[in-house]
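Values quoted throughout were computed directly from the atomic coordinates according to the rules given, and no laboratory measurement underlies them. Keep in mind it's a predicted model, so treat the numbers as computed, not measured. Glycine gets a Cβ as well: all are built from the backbone with ideal geometry, and neighbour counts include every protein chain shown.
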Amino acid sequence: MKEDILSKSIDELKELLVKLNQPKYRAEQIFYELQNGKTLDEITTISKELIAKLGESFEDKPVQIETVKKSTDGTQKFLFKLADGNIIEGVLMSYKFGHTLCVSTQVGCRMGCKFCASGLDGLVRNLTGGEIMAQVIVANKHLLGDIKERKVTNIVLMGSGEPLDNYDNIMKFLALATDKHGLYFSERNISLSTCGLVDKIYELADSGRQINLCLSLHAPNDTVRSEIMPISKAYKMNDLLSACKYYFEKTNRRILFEYIMINNVNSKKEHALELAKKLSKLNCIVNLINLNEVKENNFKSCKPEVIDNFAKVLKSYGINVTTRRSLGGDIDGACGQLRRKFIKKEEEK
Ligand code: SAH
């Protein structure tokens, strides 16, 4: 597979141009146009010879839209096809302030969370920084946006995959997404969701980047957590919460704890009380999300009143709680579901 040109920073493009005996300033032009949604041969400001040379060595369409499904609530689910034929998914949620795109960071996942469809077949491969960026670029173009009139306003690294298990490429993606010559996202508008790789949370905190950190907690203690998330065998909850505290102190970004409500597994009053006590001293938000049922396992979602009662307990301890509006339920919004369906269908053909 050819290297994707979207992964290249301006400095790397400059180096490349020097090797090709071309003026360095073209690097910024190329970077701009690629982030503007153009393919190499759509760039008219550059000579055909140079375009042809770049095209020989580099992939300029690392991500293409395979299908888009629109939910009745306006949420759109993309299946993206990568240059090697792999399929990943992304979800676009529309709000008054703009559009949030949830992107994938890996093909598959090796974290093995029991309730999640993304990891059922394990990890296939990491995505490059350019492949993560390209999801944003093609979705922006799909919404008829460009570099000047950006339609995708927020990015969440919350699709398939564990971003902190692909740390170096995430760092490259952040450099690309925040470069002032491109789509120029503010770090405040980028969020990363992790199942809790403690060492990497410290590394991210020390990286100088100030993105929002979301932590998939899903349990009030190690016993419950280890029933649903194998990662909890490697990292204990106390260490995880210390890492979150450190992240907040370093970045001043308030942590968002995600808590999927799974009936009877983590949804009882005693769970809410234990969680409330642990989190009451942290500057955080807890986001309660009803489980999206996946047919491959037996976990069940909760009735609305169970979620309301859980939220009440947390609130009584002064914790900020939001309950996530369930978006895109009719289009297989849950992680990995749509990709699996698609792959199954292809196999049947
Ligand atoms: N690996 C990262 C990001 C990808 S998963 C993480 O664990 O955070 C994105 C979010 O979707 C996580 O909070 C994950 O726990 C949640 N999720 C996975 N399967 C789900 C399901 N069936 N229903 C609801 N949320 C789910």
Principal axes of the stretch 245-310: Cα extent on each, largest first, Å: 40, 25, 16
Compactness relative to 2.2 N^0.38 Å, alpha carbon Rg of the chain: 1.03
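Grab the DSSP H runs of the chain that are 4 residues or longer, score each as -39,500 (n - 2.57), total them, divide by all residues and round the 222 nm result to the nearest 500 deg cm²/dmol.
Result for the chain, helices only: -10500 deg cm²/dmol.
What list do you get for ARG324, ARG26 if you sort them by fewest beta carbons within 10 Å? Provide the component values of the computation, followed by the final result.
Numbers: ARG324 14, ARG26 19.
Result, fewest neighbours first: ARG324, ARG26.
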Taking ARG125, ARG253 and counting other C-beta atoms within 10 Å, the order from fewest to most: ARG125, ARG253
Of the cross-linked pairs LYS77/LYS268; LYS14/LYS48; LYS114/LYS245, which ones have a Cα-Cα span greater than 22 Å in the structure shown? LYS77/LYS268; LYS114/LYS245
Suppose we keep just the DSSP beta bridges with both residues in the stretch 1-159; what percent of those would be antiparallel, to 5? 75
Leading residue at positive end of dipole, the chain (Cβ point charges), from THR100, SER186, VAL224: VAL224
Below 14 Å, Cα to Cα, which aspartates and glutamates can LYS61 reach? Residues fewer than 8 away in the same chain don't count. GLU3, ASP4, GLU33, ASP41, GLU42, ASP84, GLU131
Gyration tensor on Cα atoms of the stretch 3-59, a ≥ b ≥ c root eigenvalues, a/c under 1.5 rounded, else prolate if a/b beats b/c, else oblate, says rounded
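Please arrange TYR247, TYR167, TYR25 by counting, for each residue, the other beta carbons lying within 10 Å of its beta carbon, fewest first. Don't skip to the end; give the middle numbers.
Numbers: TYR247 21, TYR167 18, TYR25 9.
Exposure proxy ranking, most exposed first: TYR25, TYR167, TYR247.
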Projecting each Cα onto the charge dipole of the chain (Lys/Arg +1, Asp/Glu -1 at the beta carbon, about the Cα centre), which of LEU213, LEU288, LEU123 comes out farthest on the positive side? LEU288
State the Cα centre-to-centre distance between the stretch 277-295 and the stretch 55-69 in whole Å. 36
